[in-house]
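Visitor: Once you've had a glance at the structure underneath, I'll fire off some questions.
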Amino acid sequence: EKGNHRHFMQKEIFEQPTVVAQTLSSYVRQADQTVALPQMDFDLSSIERMTIVACGTSFYAGMVGRYWIEQFARVPVDIDVASEFRYREPPLEKGGLALFISQSGETADTLAALRYCKAHGQTIAAIVNVPTSTMAREADLLLPIHAGPEIGVASTKAFTCQLAVLAALAAKLAVVKGTMDRAEEQEVVRHLLEAPAGLNAALDHDDDIAAMAHLIAPARDVLYLGRGADYPMALEGALKLKEISYIHAEGYASGEMKHGPIALIDEDVPVVVIAPSGPLFEKTVSNMQEVRARGGKVVLISDAEGLEEAGEGCLATIEMPKVHPLIAPLIYAVPVQLLAYHVALVKGTDVDQPRNLAKSVTVE
Ligand code: F6R
């Protein structure tokens, strides 16, 4: 049921504050401000390295997870798309933890990678939305998200719920590895619990984003830039746009621009810059200035502070609430989803059933 919404995708975007809160409620304990994972036989403190495998949007969630796990728990993470991982047949040390991320829990390549890891002595963790799915059944450690059924082909609410679980997992890993003390754990919990309010504040900018969609709709190509844990958000923004509006879009790590992609810049290629204020802000803004110096038209997504500093002269700006850098990827998912959605509306494409795509990719 779409309720008051025009599309399932729109409904699912707007459900995010609720479903992220729902998901967090089983991974953080409000009372003592701790992160908690489901019961498991596996001793997390023994982990020396981790492997993450997924496809598409779930893969981008995994990329954000890698930044968090490496930063907090100091555990090195290998990550790959499932279709490459399974045929690469990478050597795996016995006793490792392999994490699979899938909304459907049925994606053929991800499932094959899961079985490969199982056969090679890995403990299998799975972040899935569908509790009755094959991956949920085959995992040793099931980390469910509570997003509810996702009907729109383009994944939205499953993505932010995956991020919420990954943040909790990273913090838990850090606690058991001894790289995060009690006070830091409480701080992470506090920031995570602020995410639903942050998502609501981001959704408040729906009208602004709708009003600027016509600036992007005529473009043939759009670039997205981000840095650190916001780099995967650039990839996700580009994927959402191409999926539902059929505009060619690419996401780049902003520091990579000068190594090639900047040659694409001219006034017909809008560049969406994802730059929450924080430790990486200045670096990303300097990449943005390089784009502008070459005639590039920038859509800057940042908070009031960031827009105050760097918003002048942009084609458009989208204001986000000021949030802790930890939860920025969750919050900044909203404007990139809404931008893709509204551009698709301008173009008149089939938002919920984009051409050539299936909700669950059970063939290779
Ligand atoms: C993008 C999208 C796809 C899926 C991918 C993996 O909006 O929906 O890229 O993320 O097909 O699907 P799951 O998560 O079900 O394994």
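The values are calculated or read from the model by the stated rules, or taken from the named source; none is laboratory data. Note that the structure is predicted; figures quoted are calculated from it, not measured. Please note: Cβ atoms are built from the backbone with ideal geometry, for glycine as well, and neighbour counts cover all protein chains shown. Side chains included, ligands, DNA and RNA excluded: accessible areas come from the protein's heavy atoms. Shrake-Rupley method; radii C 1.70, N 1.55, O 1.52, S 1.80 Å.
Visitor: Rounded, prolate or oblate: which fits the chain, taking a ≥ b ≥ c as square roots of the Cα gyration tensor eigenvalues, rounded meaning a/c under 1.5, else prolate when a/b beats b/c? Could the numbers behind the result be given before it?
Guide: On the way: a/c = 1.55, a/b = 1.41, b/c = 1.10.
It is prolate, given that a/c is not under 1.5 and a/b is the larger ratio.
Visitor: Which residues among segment 74-97 fall inside the zone where the amide N is under 15 Å from a point 7 Å beyond the Cα of ALA119, along Cα→Cβ?
Guide: Hits in segment 74-97 for ALA119 at 15 Å: 85-92.
Visitor: Note down the accessible area of GLU93, probe 1.4 Å, to the nearest 10 Å².
Guide: 150
Visitor: What number, in nm² with one decimal, is the all-direction average of the projected area of the convex hull of the alpha-carbon atoms of segment 92-164? Write down the numbers at each step before the final one.
Guide: Details: hull surface 18.8 nm².
The directionally averaged projection comes out at 4.7 nm².
Visitor: How far is it, in nm, from the label point at SER286 to the one at VAL363 when both lie 7 Å from their Cα along the line to the Cβ?
Guide: Those two pseudo-labels are separated by 5.0 nm.
Visitor: Same structure again: Measure nothing fancy, just the Cα-based angle from helix 281-293's long axis to the longest principal axis of the chain, in degrees from 0 to 90, nearest 10.
Guide: For helix 281-293, the angle is close to 40 degrees.
Visitor: Based on the mean of other Cβ atoms within 10 Å per residue, sort peptides 335-342, 85-92 so the most packed one is first. Present the calculation step by step, with values, prior to reporting the outcome.
Guide: On the way: 335-342: 26.6, 85-92: 14.6.
Averaged packing, sorted descending, gives the order 335-342, 85-92.
Visitor: Which pairs break 30 Å Cα to Cα here: LYS240/LYS297; LYS11/LYS258; LYS177/LYS258?
Guide: Details: LYS240/LYS297 20 Å; LYS11/LYS258 38 Å; LYS177/LYS258 38 Å.
Result: LYS11/LYS258; LYS177/LYS258 exceed 30 Å.
Visitor: Relative contact order for segment 120-241 using alpha-carbon pairs under 8 Å, separation at least 6, rounded to a whole percent? Mind showing how you got there, number by number?
Guide: On the way: 74 pairs, mean separation 15.7, N = 122.
Worked out over segment 120-241, it gives 13 percent.
Visitor: Give the ranking of LEU239, LEU143 by solvent-accessible surface, highest area first, calculated with a 1.4 Å probe.
Guide: On the way: LEU239 40, LEU143 0 Å².
From most accessible down to least: LEU239, LEU143.
Visitor: Probe of 1.4 angstrom, ligands and nucleic acids ignored: what's the accessible area per residue over the chain, in square angstrom?
Guide: Values: 14580 Å² over 364 residues.
Dividing the accessible area of the chain by its residue count gives 40 Å².
Visitor: Relative to the longest principal axis of the chain, what angle (0 to 90°, nearest 10) does the C-alpha long axis of helix 231-245 take?
Guide: 70
Visitor: Per the 1.4 Å probe, what fraction of the accessible area of the chain, in percent, lies on carbon and sulfur atoms? The partial results should precede the final answer.
Guide: Numbers: 7130 of 14580 Å².
Reported share for carbon and sulfur atoms: 49 percent.
Visitor: Based on the mean of other Cβ atoms within 10 Å per residue, sort peptides 205-215, 168-178 so the most packed one is first. Please list the in-between numbers first.
Guide: Working: 205-215: 16.1, 168-178: 21.4.
Highest to lowest by the protection proxy: 168-178, 205-215.
Visitor: What order do VAL363, VAL272 take when sorted by accessible area (1.4 Å probe), most exposed first? Before the final figure, lay out each step's value.
Guide: Values: VAL363 105, VAL272 0 Å².
Accessible-area ranking of VAL363, VAL272, largest first: VAL363, VAL272.
Visitor: Right, another one. For segment 297-364, just list the percent of Cα-Cα distances falling in each 5 Å bin from zero outward, please.
Guide: Bins of 5 Å from zero give 3, 14, 18, 18, 15, 13, 10, 7, 2, 1 percent of pairs.
Visitor: Considering only DSSP beta bridges where both residues belong to the chain, give the percentage that are antiparallel (nearest 5). Don't skip to the end; give the middle numbers.
Guide: Details: 2 of 41 bridges.
If I count the DSSP bridges inside the chain, around 5 percent turn out antiparallel.
Visitor: Now a separate question. Assign one of three labels to segment 224-353, namely rounded, prolate or oblate, based on the Cα gyration tensor with a ≥ b ≥ c the square roots of its eigenvalues; rounded applies when a/c is under 1.5, prolate when it is not and a/b is larger than b/c, and oblate otherwise. Mind dumping the intermediate values first?
Guide: On the way: a/c = 1.60, a/b = 1.20, b/c = 1.34.
Oblate.
Visitor: Then there's this: Whole Å is fine, so just give me how far the alpha carbon centre of segment 120-196 lies from that of segment 239-257.
Guide: If we compute the Cα centre of each part, the gap is 25 Å.
Visitor: Taking each pair of different alpha-carbon atoms in segment 168-257 once, compute 1/r for the pair, average those values, and report the inverse of that mean as the Kirkwood hydrodynamic radius in Å to one decimal.
Guide: On the way: mean 1/r = 0.0631 Å⁻¹.
Taking every pair of different Cα atoms in segment 168-257, averaging 1/r and inverting gives 15.9 Å.
Visitor: Still on this structure, please answer the following. Just round it to a whole percent: the fraction of Cα-Cα distances in segment 40-134 exceeding 15 Å. Kindly include the intermediate steps, with their values, before the conclusion.
Guide: Values: 2536 of 4465 pairs.
Tail of the P(r) past 15 Å holds 57 percent of the pairs.
Visitor: Something else now. Give me the aspartates and glutamates in straight-line cross-link reach of LYS322: C-alpha distance below 13 Å, same-chain residues under 8 apart excluded.
Guide: Those aspartates and glutamates meeting the cut-off are GLU194, ASP303, GLU305, GLU308.
Visitor: Still on this structure, I have one more. Tell me, Kirkwood radius of segment 1-60 from alpha-carbon pair distances, in Å?
Guide: Values: mean 1/r = 0.0658 Å⁻¹.
After inverting the mean inverse Cα-Cα distance, the result is 15.2 Å.
Visitor: Can you send over the solvent-accessible area of PHE281, 1.4 Å probe, protein chains only, in Å² to the nearest 10?
Guide: 10
Visitor: Then there is this: Pairing the Cα long axis of helix 182-203 with the longest principal axis of the chain, what angle in degrees results, from 0 to 90 and rounded to the nearest 10?
Guide: For 182-203 against the chain, the angle is about 40 degrees.
Visitor: For the pair ASN200 and VAL346, what calculated FRET efficiency results from E = 1/(1 + (r/R0)^6), where r is the Cβ-Cβ distance and R0 = 25 Å, to the nearest 0.05? Could the numbers behind the result be given before it?
Guide: Numbers: r = 25 Å, r/R0 = 1.00.
Using R0 = 25 Å, I get an efficiency of 0.50.
Visitor: Using a 1.4 Å probe and ignoring any ligands, DNA or RNA, find the accessible area of GLU290 and quote it in Å² to the nearest 10.
Guide: Only protein atoms counted, so the area is about 50 Å².
Visitor: Okay, moving on. Would you mind working out the magnitude of the charge dipole of the chain relative to its Cα centre, with +1 at each Lys and Arg C-beta and -1 at each Asp and Glu C-beta, to the nearest 20 Debye? Intermediate results must be reported in sequence, preceding the final value.
Guide: On the way: 31 positive and 47 negative charges, 131 e Å.
In debye, rounded to 20, the chain gives about 620.
Visitor: Taking every pair of Cα atoms in segment 235-309, average 1/r, invert it to obtain the Kirkwood radius, and report Rg/Rh to two decimals. Working shown, then result.
Guide: Numbers: Rg = 12.3 Å, Rh = 12.9 Å.
Looking at segment 235-309, the ratio lands at 0.96.
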